[in-house]
Number of protein chains: 2
Amino acid sequence: MQEIKRKHTRLIHLGNIPIGGGAPVSIQSMLSVKTANLENAIKQIQELESVGCDIIRCAVMDLDDAKAIKELKIMAKAPLVADIHFNYRLALAAIENGVDGLRINPGNIGKIEGVKALVAAAGERNIPIRIGVNSGSLPKDLLQKYGVSAKSMVESALRHIRILEELNYYEIKVSVKASSIPLTLESYRLLSNACNYPLHLGVTEAGTIFRGSIKSSIAMGILLEEGIGDTIRVSLTDNPVQEVKVAKEILTALGLRNGLNIISCPTCGRTGIDLIKLATEVEKALEPYINHPLTIAVMGCAVNGPGEAKEADFGIAGGIKEGLIFAEGKVLKKVPETSLVTELVALVKDYISNH
Amino acid sequence: MQEIKRKHTRLIHLGNIPIGGGAPVSIQSMLSVKTANLENAIKQIQELESVGCDIIRCAVMDLDDAKAIKELKIMAKAPLVADIHFNYRLALAAIENGVDGLRINPGNIGKIEGVKALVAAAGERNIPIRIGVNSGSLPKDLLQKYGVSAKSMVESALRHIRILEELNYYEIKVSVKASSIPLTLESYRLLSNACNYPLHLGVTEAGTIFRGSIKSSIAMGILLEEGIGDTIRVSLTDNPVQEVKVAKEILTALGLRNGLNIISCPTCGRTGIDLIKLATEVEKALEPYINHPLTIAVMGCAVNGPGEAKEADFGIAGGIKEGLIFAEGKVLKKVPETSLVTELVALVKDYISNH
């Protein structure tokens, strides 16, 4: 199989997570609770970590949020990024409280003195800054010149980049998010040609888990397969835990991350069992093993199932009242339909503990 | 915005639906009930048509299924494709009963006399044949030579194609489905270079609605954006109605089909309302208008919402207990949170009936 050839970008570090320079594509999400609400924030950080979130962003809207970072850092294993709008003082406070990264646009935080103070503090601790351009908040002069376009998005990003570069600061990553897929693609392609900083991919306002997963999968799928993108965030109008699950599935499907691959056939006139229920149960039961590079097949038909899914490490094929357990296309045993899932899970668990 | 430049393929017709030659990308699905079970089959056909399925496939496993097509054709508006394995007689029976298309691999149906009879009957009625190669059932000699690879997939497809071409039959479309995304991409790219027939895109055994939507969106998103693909089927271990909804969303997101675009921001520390619930309600309430090319925004925050979503035709922004209704970035009115959705739907309905 052809491997994805990733574009070589500058390597930066967000806490212990490398980004760019060929490092694995990392997964980000964002707290949906107020950062200063310590109990909720810690709970959500732990939930996100447990599903494999590499980097966690939180909104810093006031000094309470900035101060909370100190407490959160005690519990959090994943690096924390403070998301700040228009206020370099909050960024300074976040740095003082031990944040690992910033998302702030230096062109929007007021006087150059503020930017200088911010860059000096970030530089001291090697804290990267993400420049985050959004199609919904482009500067007026660019909108007048180029409208809502890839050119406006990238020019806006480059302006912010130049401010940091003039201060000799290069610990940068960049995003140019739009809610339209064609605009997202065009903007990231243009940006990828225009600079060598690692890119943070995202589709903004992507929608509910249904629409948002589809849009994010298309946009990130296309860009990542072209080699563009060093870290991703799937934005969903849903629990951020879902964002991480979708992101992992995108990376696994593209072969960019090891993970459990569950395949299952569509139901058809030939299916004698409730395959939708069975596949959903298997998906749920195997969630604890989601980081293991195994392919598991859930097939509707005992006659063709094992053969069609011979690439699968393990699989089950439903029949009428009883089903088959198979491995690499070979039938291991016949079991009652009701114990198909438990037998499969036992097999997977066993295999993992022996390898 | 850059438009997708689609590869020019041969134009064929499946009933009244053009495929290839620059025709709009059509959406297919498959009955999950037995074809001969008329009551269930008709119900499912109507459900699929109501959500916008252009072409409906059904398994023809015996003569009862083949005969049922005659009855189904009375009710069905969408063209019907008979899916047949290894048996040209069933294909002949399906043709006699008025089917619009066939999915059958001519290399697998026995003697050349059978293929000749089949092609003669199909030719008389201008019925296209889809050659459907699947990574799970490749011929042994190719597996020995090239393993499970794009080369095996495409060589297998070309063998079937050559059989039809030698009989001067060119009403062909082709699919090369795999459950692995990289293999799917490589196979379709190779196939697209190797022939000029319209291509039917699909990822086989893609999985549940969660995993399957993601995998299909990635694979079809990448191929369609490259200009490859004339008709698509999203395979899900779920109700086929869901397959059509996912397919429509993929095409709409890529700008290949007109449709409702619902954007909504992720919840964050700034959100004061239950945005997940709100966005899900809006998505459901607007389902009847899914074919209209409108962008609707569901924003969590009254301060930034209308401005950030100024590209949206209509939108709502939640506040505390009350929210805003806006259009193209301009606030129309303030309403209680409980009537946000009904007011938005009324506005959309009104707009559509006046345009």
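At a glance:
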| item | result |
| --- | --- |
| Segment A:154-178 - residue that is open to solvent by 10 Å² or more (accessible area, probe 1.4 Å) and in a loop (DSSP other than H, G, I, E, B) and, of those, nearest to the other protein chains (Cβ to nearest Cβ) | A:171 |
| Verdict on residue B:186 being charged (D, E, K, R), crowded, with 24+ Cβ neighbours inside 10 Å and within 9 Å of chain A (Cβ to nearest Cβ) | no |
| Any pair with Cβ under 8 angstrom, 6 or more apart, that starts in segment A:250-265 at a residue that is facing another protein chain (nearest Cβ under 7 Å) and ends at one that is among the hydrophobic types (A, V, I, L, M, F, W, C) and open to solvent by 30 Å² or more (accessible area, probe 1.4 Å) | A:254/A:4; A:255/A:1; A:255/A:4; A:265/A:301 |
| Residues being among the basic types (Lys, Arg) and touching a helix residue (DSSP H, G or I) at 6+ places or on another chain (Cβ under 8 Å) - total across segment B:246-269 | 1 |
| Test result for residue A:244, among the β-branched types (Val, Ile, Thr), open to solvent by less than 10 Å² (accessible area, probe 1.4 Å) and within 10 Å of chain B (Cβ to nearest Cβ) | no |
| Segment B:122-140, subset part of a helix (DSSP H, G or I), over 22 Å from the mean Cα position of the chain (by Cα) and in contact (Cβ under 8 Å) with a residue 24 or more places away in the chain, residue surrounded by the fewest Cβ atoms within 10 Å (Cβ to Cβ) | B:123 |
| Among (1) within 8 Å of chain B (Cβ to nearest Cβ); (2) within 22 Å of residue A:78 (Cβ to Cβ); (3) among the aliphatic types (A, V, I, L, M), the one test that residue A:276 misses | (2) |
| Among the candidates A:66, A:59, residue that is in contact (Cβ under 8 Å) with a residue 24 or more places away in the chain, closer than 21 Å to residue A:127 by Cβ and either in contact with a helix residue (DSSP H, G or I) (Cβ under 6 Å, 6 or more places away or on another chain) or open to solvent by 10 Å² or more (accessible area, probe 1.4 Å) (or both) | A:66 |
| Search result, residues across segment A:229-266 that are part of a loop (DSSP other than H, G, I, E, B), hydrophobic (A, V, I, L, M, F, W, C) and more than 14 Å from the chain's Cα centre (by Cα) | A:260, A:265 |
| Sole residue being out of contact with any strand residue (DSSP E or B) (no Cβ under 6 Å at 6 or more places or on another chain) and without any contact (Cβ under 8 Å) to a residue 40 or more places away in the chain, chosen from A:338, A:295, A:237 | A:338 |
| Odd one out for residue A:283 among (1) in contact (Cβ under 8 Å) with a residue 40 or more places away in the chain; (2) under 28 Å from residue A:201 (Cβ atoms); (3) facing chain B (nearest Cβ under 7 Å) | (1) |
| Filter result (within 8 Å of chain A (Cβ to nearest Cβ) and part of a loop (DSSP other than H, G, I, E, B)) within segment B:192-211 | B:204, B:205, B:207, B:208 |
| Pairs where the first residue, in segment B:80-104, is crowded, with 24+ Cβ neighbours inside 10 Å and the second is β-branched (Val, Ile, Thr) and assigned to a helix (DSSP H, G or I), C-beta under 6 Å, 6+ apart | B:94/B:69; B:99/B:69 |
| Test: residue in segment A:332-351 that is under 27 Å from the mean Cα position of the chain (by Cα), within 13 Å of chain B (Cβ to nearest Cβ) and aliphatic (A, V, I, L, M) | no |
| Answer residue from segment B:65-119, given it is touching a Phe, Trp or Tyr at 6+ places or on another chain (Cβ under 7 Å) and of a type in the set (Gly, Ala, Ser) and is nearest to residue B:154 (Cα to Cα) among those | B:110 |
| Answer residue from segment B:212-239, given it is open to solvent by less than 10 Å² (accessible area, probe 1.4 Å) and farther than 21 Å from residue B:19 by Cα and is farthest from the other protein chains (Cβ to nearest Cβ) among those | B:212 |
| Those residues of segment A:92-137 which are among the polar types (S, T, N, Q) and either touching a Lys or Arg at 6+ places or on another chain (Cβ under 9 Å) or more than 14 Å from chain B (Cβ to nearest Cβ) (or both), in sequence order | A:97, A:105, A:126, A:134, A:135 |
| Sole residue being farther than 17 Å from residue B:191 by Cα, open to solvent by 20 Å² or more (accessible area, probe 1.4 Å), assigned by TED's automatic domain parsing to the domain that holds residue B:189 and in a helix (DSSP H, G or I), chosen from B:151, B:116 | B:116 |
| Filter result for the condition that a residue is closer than 15 Å to residue A:208 by Cβ and charged (D, E, K, R), over B:249, B:225, B:328 | B:249 |
| Segment B:183-200 residues that are among the β-branched types (Val, Ile, Thr), paired with ones that are open to solvent by 10 Å² or more (accessible area, probe 1.4 Å) (beta carbon under 8 Å, 6 or more apart) | B:184/B:177 |
| Pick from segment A:252-279, criterion modelled with pLDDT under 90 and hydroxyl-bearing (Ser, Thr, Tyr), ranking: farthest from residue B:61 (Cα to Cα) | A:264 |
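Yes or no, residue by residue, for (1) surrounded by 15 or more Cβ atoms within 10 Å (Cβ to Cβ); (2) within 12 Å of chain A (Cβ to nearest Cβ); (3) closer than 30 Å to residue A:186 by Cβ:
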site	(1), (2), (3)
B:5	no, no, yes
B:23	yes, no, yes
B:34	yes, yes, no
B:49	yes, no, no
B:78	yes, no, no
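The values are calculated or read from the model by the stated rules, or taken from the named source; none is laboratory data. Just so we're clear, the structure is a prediction, and the values are computed from it rather than from any experiment. Heads up, the Cβs are rebuilt from the backbone with ideal geometry, glycines too, and the neighbour counts pull from every protein chain shown. Please note that ligands, DNA and RNA were not included when accessible areas were found on the heavy atoms of the full protein model with its side chains. Shrake-Rupley method; radii C 1.70, N 1.55, O 1.52, S 1.80 Å.
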